[in-house]
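The values are calculated or read from the model by the stated rules, or taken from the named source; none is laboratory data. Predicted, not measured: the structure shown is a model, and the values here were computed from it. Heads up, the Cβs are rebuilt from the backbone with ideal geometry, glycines too, and the neighbour counts pull from every protein chain shown. Accessible surface is based on the protein model in full, side chains and every heavy atom, while ligands, DNA and RNA are left aside. Shrake-Rupley method; radii C 1.70, N 1.55, O 1.52, S 1.80 Å.
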Amino acid sequence: MHAILNIAVRAARAAGRVAMKSFAQPDQVEVSSKGLHDYVSNIDKACEEVIISTIKKSYPDHAFLAEESGEHGAKGDYLWVIDPIDGTTNYIRGIPHFCISIALTHKGITQHAVVYDPVREEMFTASRGAGAQLNGYRIRVGGGKDLDGALLATGFPFRMKHLLPEYQAVFNKFFEQTADIRRAGSAALDLAYVAAGRYDGFFEAGLKYWDTAAGELLVREAGGVVTDFGGGTNHNNSGNIVAATPRVLQTMVSQMRPLLSASMRK
């Protein structure tokens, strides 16, 4: 394992211990609102602090972009992108489906990624050009070639409910053809599951960079493809993302385009 990836794994495990300790003692979880139906807990903040402090011990000159504390640290070529608990709503409700997501970018290109599920003790890792792994074993995207029999994952645009009509049109189109569609509440884990072949594809609108940075590298290193809703490369800016096996993604995007406005096809 690359030395930098090893530090990311160490940071994720440390955050996982913090998260699981309070998950077992829900009276320790204090929740506040960041926006409409958008929540943060004291444990999100504690996990983020642990991740950053762990990384800083080895890389004090690196910068950070974290969900709760924003962008800070030295300006340079290296940027850590952190979601301390992806799936906070699940976490605060006692639903055991959430993860820690950590990615390192160099000059804007993601080089290493970790998505850690502390409930199942599943550590998804990837390094650019070196493939993706789950608990040390190589993973690959599934072999699906079309939507017939496919299992997709998604997330609803709860922060932007004005997008719901277009989103529902896409959902309905896919639901008619696939075996089923899951909505589990953690985009980072959805992407990791695509990388591991558990899902054939994933789509969601309005995500943040820290939701997808690590998961995107996992999918790519596992042989998958990641685009925006129009099949382009604007997903990090728009937050509209599709990830799937190559042929499934081609089908998904081709069917999405006619149902979406120009602003959504980005």
Yeah, the chain with a ≥ b ≥ c from its alpha-carbon gyration tensor (a/c under 1.5 is rounded, else prolate when a/b outruns b/c, oblate otherwise) is prolate
Under a point spin-label approximation (7 Å from Cα along Cα-to-Cβ), what is the Phe158-Asp27 distance to one decimal in nm? 2.6 nm
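Expressed as a rounded percentage, what relative contact order does the chain have, with Cα pairs under 8 Å and six or more residues apart? Numbers along the way, then the final one.
On the way: 613 pairs, mean separation 42.9, N = 266.
Reported relative contact order: 16 percent.
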Roughly what angle does helix 164-177 make with the longest principal axis of the chain, taking Cα atoms, 0 to 90 degrees, to the nearest 10? 70 degrees
For the range 3-138: rounded, prolate or oblate by the Cα gyration tensor [a/c cutoff 1.5]: oblate
Hey, any idea what % of the range 142-257's accessible area is carbon plus sulfur with a 1.4 Å probe? 48 percent
Tell me, what is the 1.4 Å probe accessible area of Ser263, in Å² to the nearest 10? 80 Å²
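Please find the FRET efficiency linking His106 to His72, where r is the Cβ-Cβ separation and R0 is fixed at 22 Å, and quote it to the nearest 0.05.
Details: r = 18 Å, r/R0 = 0.82.
For His106 and His72, the calculated efficiency is 0.75.
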Helix 42-58 axis, angle to the chain major axis (alpha carbon atoms, nearest 10°): 70 degrees
Crossing angle, helix 3-23 versus the chain [Cα axis fit, 0-90 degrees, rounded to tens]: 90 degrees
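Of the cross-linked pairs Lys56/Lys266; Lys208/Lys266; Lys173/Lys266; Lys45/Lys161, which ones have a Cα-Cα span greater than 24 Å in the structure shown? Write out the running numbers ahead of the final one.
Values: Lys56/Lys266 35 Å; Lys208/Lys266 14 Å; Lys173/Lys266 19 Å; Lys45/Lys161 27 Å.
Distance filter (> 24 Å) returns Lys56/Lys266; Lys45/Lys161.
When you count, for each residue, the other Cβ atoms within 10 Å and take the mean per peptide, how do 137-148, 42-53 rank with the highest first?
On the way: 137-148: 16.6, 42-53: 20.8.
Packing order, densest peptide first, comes out as 42-53, 137-148.
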